[in-house]
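Undergrad: Pasting a structure below so you can have a look.
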Amino acid sequence: MRRLTVLLALAFTLALVPAVSAKTLKCNQIITYDDYGVSGPHPDHLGETGYWKGGITGDLTGTIYFWEKMCDPYIVGKVMHFSEDFYIDFGNGEWVSGYDKGVWNFATLKFRATGWVTDASENCEYLIGSKLHEEGFTTNPDVLPIIGEGTCFIGP
C-alpha cells in the first residue's frame with residue numbers, strides 16, 4: 001500500500017511538470033543587424049537600439065530578435081564566441097523568449113547558436129524548456145546593415 005501511495009504521488013508530481021514540445025518546429029530566417037533607433041520588445045533590453053531582427057517562416061512564423069550580451073563576446077582567431085537573448089513575436093499576441101550561445105566565423109561568415117526557451121506567453125508555455133538552434137551565413141560584418149540568412153528550429 002505504501003509503495004502504491006509513493007507511485008501515485010510521483011505520477012501526480014510528473015503530471016504537473018510542463019511538457020516540452022515533442023515536435024521539432026522548423027523555420028527559415030532572414031535577419032538584419034542594424035541600429036534601428038528604437039528598442040525592440042524584450043523587456044531586459046529597453047533602450048538598446050542595436051540588435052538583430054528579422055522574419056521567420058515555416059512551421060514557425062513571425063519576427064525574431066537577438067540582443068548580444070555585450071559583456072560576453074570574445075574572439076579567438078577569426079571566430080567570435082557570443083551569448084545573446086532572443087525574443088520571437090508570432091504576430092498574434094503570442095511569443096517566446098530565452099537565450100543562446102554561439103559562434104560566428106569571420107573567415108567563412110558562418111554562424112550557429114544553440115539555446116533554450118525560458119519564457120513564453122500563456123498559449124506557448126508548452127515550449128518552455130525547448131531547444132532553439134539557428135545556423136546560417138551573413139554578409140560582411142564590417143558594414144551595416146549586416147544580413148544573415150539561415151535555418152532555425154525549436155524542439156526537444
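Undergrad: If I go through segment 106-126 residue by residue, how many of them are farther than 15 Å from Pro156 by Cα and either not in a strand (DSSP E or B) or not acidic (Asp, Glu) (or both)?
TA: Total satisfying the criteria: 12.
Undergrad: So in segment 61-75, with the set limited to residues that are at pLDDT 95 or above and not polar (S, T, N, Q), which one is farthest from Asn123 (Cα to Cα)?
TA: Per the criteria, the residue is Trp67.
Undergrad: Among the residues of segment 28-67, count how many are part of a strand (DSSP E or B) and within 16 Å of Trp116 (Cα to Cα).
TA: Counting residues in segment 28-67 that are part of a strand (DSSP E or B) and within 16 Å of Trp116 (Cα to Cα) gives 4.
Undergrad: Output the qualifying pairs, or none if there are none: Cβ atoms under 9 angstrom, residues six or more apart or on different chains, first residue in segment 131-145 and touching a residue at least 12 places away in the same chain (Cβ under 8 Å), second residue of a type in the set (Lys, Arg) and in a strand (DSSP E or B).
TA: His133/Arg112; Glu134/Arg112; Glu135/Lys110; Glu135/Arg112; Gly136/Lys110; Gly136/Arg112; Phe137/Lys110; Thr138/Lys110
Undergrad: Condition first: in contact (Cβ under 8 Å) with a residue 60 or more places away in the chain, of a type outside the set (D, E, K, R), under 24 Å from Pro43 (Cα atoms) and out of contact with any helix residue (DSSP H, G or I) (no Cβ under 9 Å at 6 or more places or on another chain). Can you find one or more residues in segment 62-81 that meet it?
TA: Yes, because at least one residue in segment 62-81 is in contact (Cβ under 8 Å) with a residue 60 or more places away in the chain, of a type outside the set (D, E, K, R), under 24 Å from Pro43 (Cα atoms) and out of contact with any helix residue (DSSP H, G or I) (no Cβ under 9 Å at 6 or more places or on another chain).
Undergrad: So which of Glu134, Glu122, Glu94 ends up being touching a strand residue (DSSP E or B) at 6+ places or on another chain (Cβ under 9 Å), of a type in the set (Asp, Glu), modelled with pLDDT of 95 or more and surrounded by fewer than 20 Cβ atoms within 10 Å (Cβ to Cβ)?
TA: Glu94
Undergrad: Is it fair to say Lys53 is within 18 Å of Gln29 (Cα to Cα), among the charged types (D, E, K, R) and crowded, with 16+ Cβ neighbours inside 10 Å?
TA: Yes.
Undergrad: Follow-up question, since we're still on this one. All but one of (1) surrounded by 15 or more Cβ atoms within 10 Å (Cβ to Cβ); (2) of a type in the set (A, V, I, L, M, F, W, C); (3) part of a strand (DSSP E or B) hold for Val103; state the number of the condition that does not hold.
TA: In the conditions (1) surrounded by 15 or more Cβ atoms within 10 Å (Cβ to Cβ); (2) of a type in the set (A, V, I, L, M, F, W, C); (3) part of a strand (DSSP E or B), Val103 misses (1) alone.
Undergrad: Report yes if Glu68 is of a type outside the set (Gly, Ala, Ser), surrounded by 15 or more Cβ atoms within 10 Å (Cβ to Cβ) and touching a Gly at 6+ places or on another chain (Cβ under 8 Å), otherwise no.
TA: no
The values are calculated or read from the model by the stated rules, or taken from the named source; none is laboratory data. These numbers come from a predicted model, not from an experiment. Cβ sites come from the backbone with ideal geometry, for glycine too, and all protein chains shown count toward neighbours.
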